[in-house]
Amino acid sequence: MDTLIHTNHFNENGKGIRKSNIAMLKDADLDLKYVPVELTKQSKEILCRAEWGNPLNDIAWVCWFTKLHYSEKALLLNTAFINENLSHYPLTISSEQLKACCLYKVLNILIRVSNAPVEVQNEWVRRLEWTINTDFSDVCQMIS
């Protein structure tokens, strides 16, 4: 099972699913000049509690996207999504894990937009701050 992710075989030669870059992210100083120091500090503290290489990364990213873009319907949609996922792949999910997985994704994007226009960088800094300040416990409380 460790060589199979979902239905696609893991392939290290770049033609399959790409490897997690958590090692790079943990080793990176994350001190991006366009990200406020306090947001970087809070992000590092939350990331330290994360468990990597976990299918929860995908679940968290769907929840993040839904909460950000469809906040009025997010609880309903995320609860249905997570409960259906758990009916096939049982996991333990905490709000801290969800937030850490979301931060992992946002920080990866922040690294990728280092050379992007300032407006793009500012938008992802805003999303970083939003992620740090967002409570994901509502979704975890609704899991059946």
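The values are calculated or read from the model by the stated rules, or taken from the named source; none is laboratory data. In this text the structure is predicted, and so the values were computed from the model without any measurement. Cβ placement follows ideal geometry from the backbone for every residue including glycine, while neighbour counts extend to all protein chains displayed. Surface areas here come from the heavy atoms of the whole protein model, side chains and all, with no ligands, DNA or RNA. Shrake-Rupley method; radii C 1.70, N 1.55, O 1.52, S 1.80 Å.
Points to keep in mind about this one:
- Among ASP138, ASP58, the sequence by solvent-accessible area, most first, with a 1.4 Å probe is ASP58, ASP138.
- Accessible area of ARG112 in the full protein assembly, 1.4 Å probe (Å², nearest 10): 150
- ³J(HN,Hα) computed for each position of segment 120-127 - Karplus, 6.51 cos²θ - 1.76 cosθ + 1.60, integer Hz, glycine/proline x: 5, 4, 4, 5, 6, 5, 4, 5
- Site pair GLU119 and ASP135 shows an inter-label distance of 3.5 nm when each label is modelled 7 Å from Cα along Cα→Cβ.
- Annotation for LEU86 and SER71: the two label points, set 7 Å from Cα along the Cα-Cβ direction, are 2.5 nm apart.
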